[in-house]
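Read the structure below first, then the notes.
All of the numbers you see were taken from the coordinates with simple rules; none came from a lab. What you see is a predicted model; the values in this text were computed from it and never measured. All Cβ positions, glycine included, derive from the backbone under ideal geometry; neighbour counts span all protein chains shown.
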Amino acid sequence: MAVQTRREKTVNNRNRGVTTVTMEELGATSENAISAPSGTTIRNVRRSIADGRAVLTYDEVDATVGDAYTVSGTASQEPLATHPYFQKDGKWEVSEAEWKKWDKWQKEGTDISSLTLTSEGGVGFQSFIYLYLRGFTDYLQPRVSIRVTDANTTEPDLDDLGKIATPPKAPTLAGGANWLMTGCDGSEDADGNWEVTREFMSSGPGGWNTYIYGP
């Protein structure tokens, strides 16, 4: 009968809790005399036999949601016209008619530097043109990225890739912002176990466009 002779708790290089278990059985005739437990958290099963003494060693990853979980912040460059100040209910809201006027100017190559600001639309549109003429064609949008690594028994499901999704333990975002699944990596070990890492990125205020990124 196999008995547990050693149990060691460590933290691996992904900052995940791992318990290494050693089982031994005397009078064995094969290195497969001891059956390894199954499940999503079992990793690195190792077997040996010498002089009738079979040894089984395996790692058990802590069974938690998101075995490894990292959050990072950054900023991405976005067109000035997408800034929340110029959107509906924003500080300097620009109307649909004014955006159509702006689009027409851009397509026709109109020299807007010769225009009189006070005669061109409301305060929001005038503010947009004022900034644009001073070189502010883009702005930096704060972003939050989340990476979640899980132990799995099957290959990763990629259905949510490139779509609006909610990562586990996601922090609350302000202004109606939400999350987009932007990446998924998976690796399979010799025992058929998978380790899957999913990456999510936050949107700006108002959320990702549901027409483009919806289910």
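Across every direction, the projection of the convex hull enclosing the Cα atoms of the chain has a mean area of 16.2 nm². Annotation: amide H-H contacts under 5 Å for Gly207 (H modelled 1.01 Å from N, sequence separation of 5 or more, or interchain): Ala177, Asn178.
With angles folded into 0 to 90 degrees, how steeply does helix 96-108 sit against the dominant principal axis of the chain? Use alpha carbons for both and round to 10. In the chain, helix 96-108 runs at an angle near 80 degrees to the longest axis. How tilted is helix 123-133 with respect to the longest principal axis of the chain? Cα atoms for both, answer in degrees (0 to 90, nearest 10). With rounding to tens, the tilt is 80 degrees.
The dipole here belongs to the range 58-215: it is taken about the Cα centre, uses +1 on the Cβ of Lys and Arg and -1 on the Cβ of Asp and Glu, and is about 1360 debye.
If R0 equals 41 Å, the separation of the Cβ atoms of Leu158 and Leu80 corresponds to a calculated FRET efficiency of about 0.75.
For the range 128-171, the residues whose backbone nitrogen is under 19 Å from a point 7 Å from the Cα of Val45, taken along Cα to Cβ, are 151-155. By the beta-carbon count within 10 Å of each Cβ, the least crowded to most crowded order of Trp208, Trp99, fewest first, is Trp99, Trp208.
Which net charge results when you count Lys and Arg as +1 and Asp and Glu as -1 among the other residues whose beta-carbon is under 13 Å from that of Gly52? Intermediate values should be presented prior to the final figure.
Working: positive: Arg53; negative: Glu24, Glu25, Glu31, Asp51.
Local net charge: -3.
Between Ser38 and Ile212, the distance separating the two model label sites (each 7 Å from Cα on the Cα→Cβ line) works out to 4.5 nm.
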